[in-house]
1. Taking the range 163-180 as the search range and keeping residues that are open to solvent by less than 50 Å² (accessible area, probe 1.4 Å) and part of a strand (DSSP E or B), which one is nearest to Val254 (Cα to Cα)?
2. Look at Ala127 and say whether it is open to solvent by 30 Å² or more (accessible area, probe 1.4 Å), modelled with pLDDT of 95 or more and at positive phi.
3. Does the range 248-271 hold any residues that are of a type in the set (S, T, N, Q) and in contact (Cβ under 8 Å) with a residue 12 or more places away in the chain, and which are they?
4. Can you find a residue in the range 256-267 that is closer than 15 Å to Arg233 by Cβ and touching a Ser or Thr at 6+ places or on another chain (Cβ under 9 Å)?
5. Please determine, by comparing only the residues of the range 48-81 that are in contact (Cβ under 8 Å) with a residue 12 or more places away in the chain and in a loop (DSSP other than H, G, I, E, B), which one is farthest from Pro191 (Cα to Cα).
6. Restricting the search to the range 197-219, which residues are in contact (Cβ under 8 Å) with a residue 60 or more places away in the chain and part of a helix (DSSP H, G or I)?
7. Taking Leu15, is it within 30 Å of Leu329 (Cβ to Cβ), assigned to a helix (DSSP H, G or I) and either open to solvent by less than 20 Å² (accessible area, probe 1.4 Å) or of a type in the set (Lys, Arg) (or both)?
8. Give just the number: which of (1) over 30 Å from Met122 (Cβ atoms); (2) open to solvent by 60 Å² or more (accessible area, probe 1.4 Å); (3) of a type in the set (Gly, Ala, Ser) does Ala20 not satisfy?
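The values are calculated or read from the model by the stated rules, or taken from the named source; none is laboratory data. Nothing here was measured: the structure is a model prediction, and the numbers come from that model. Reconstructed Cβ throughout: ideal geometry from the backbone, glycine too, with neighbour counts over all protein chains shown. Ligands, DNA and RNA are stripped out before the accessible areas are found, and what is left, the full protein with its side chains, is counted by its heavy atoms. Shrake-Rupley method; radii C 1.70, N 1.55, O 1.52, S 1.80 Å.
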Amino acid sequence: MTPEQLPIEHYDAQLEEKVARLQTLMVPFTAQDVEVFRSPVSHYRMRAEFRIWHDGDDLYHIIFDQQTRQRIRVDSFPAASELINQLMPRLIDAVRDKPVLRHKLFQIDYLSTLSKQIVVSMLYHRALTDEWQQAATALRDELRAEGFDLHLIGRATKTKICLDRDFVDERLPVAGKELIYRQVENSFTQPNAAMNIKMLEWALDVTKDASGDLLELYCGNGNFSLALARNFRRVLATEIAKPSVASAQYNIAVNNIENVQIIRMAAEEFTQAMNGTRQFNRLEGIDLSSYECETIFVDPPRSGLDEETVKMVQAYPRIFYISCNPQTLCDNLATLSATHDVERLALFDQFPYTHHMECGVLLTRR
């Protein structure tokens, strides 16, 4: 199989294998059926990164085989969004005959949206000059004239040239409401937009009868915070990455959501603040004791929750956990299951044709 082909005929079997694997992993913790959410079988990735290979007068996108490290030419990439596929050949054609744009260009990153906006980052092994900026501006304008809602960025060592802006604004229909999400280049966003919508709607469903306030750790750009705000009196959310916090603050304002508060803190720091072991100036003016959080939501990195955070999470009657690594989820459940039962279990096929899977659990205290 080449990158320009997807084993669509094997999708169902691969998904069934993931379901069986998740059920096996979860045997010690639940007898609940897995709620399964299918991905589109093609054009599901909103992000893509390619190395650029120079071959005489030609140049083209490449990827490397993960096992053999063999170089593979990529002229189309059906795993990526239709917008990325439309732009890829047009961008290469435009750069090929412009020496100032192609010289030492080694990578192109794409960030697209369902709202048809796209950011393209061009990475170089050389300094970027005023001549490059003029040529890049002309390229951007040329592609915009063809109908691409394009924002172009140049990157080199210690250099970032942003011709106008480094973000896109995504619009997602979530349970009858459109939500706007600012997504910044080089920051984390959910890669599979269709699956993200399904995760958000599932999150709303499992918390529809919730009471009180919500505490969220690892909130990113507010992806879940904004959607879940309608189910809670207030939402208190934490995130450590500055660009993500800035995007979250914008997203709160543009969506006219008034009951979400974002704090720039790591989950581990917030645990220390809640336990009273450390004080933080970033919490000045925020009365943590005024929140009546009966639900805590966590969407941690692949490593899962650290030991102290697991203990802190156990104090809440309802735990809503989204995991990109079922193994570390199970590691955490080994502790959490001493006090909580798994009430809902879902598999979101965020990454078709790979062994990776995203899953969600709702736990309630016994």
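1. Among those residues, the one meeting the criterion is Ile180.
2. For Ala127, the condition - open to solvent by 30 Å² or more (accessible area, probe 1.4 Å), modelled with pLDDT of 95 or more and at positive phi - is not met.
3. We begin by selecting, within the range 248-271, every residue of a type in the set (S, T, N, Q); these are 249, 251, 255-256, 259, 261, 271.
Selection gives Gln249, Asn251, Asn255, Asn259, Gln261, Thr271.
4. Pass one, the range 256-267, residues closer than 15 Å to Arg233 by Cβ: 257-261.
Narrowing the set further to residues that are touching a Ser or Thr at 6+ places or on another chain (Cβ under 9 Å) leaves 257, 260.
The answer is yes; a qualifying residue exists.
5. Asp57
6. Residues satisfying the conditions are Lys198, Met199, Trp202, Ala203, Val206.
7. Values: within 30 Å of Leu329 (Cβ to Cβ): yes; assigned to a helix (DSSP H, G or I): yes; either open to solvent by less than 20 Å² (accessible area, probe 1.4 Å) or of a type in the set (Lys, Arg) (or both): yes.
So Leu15 passes the test.
8. (2)
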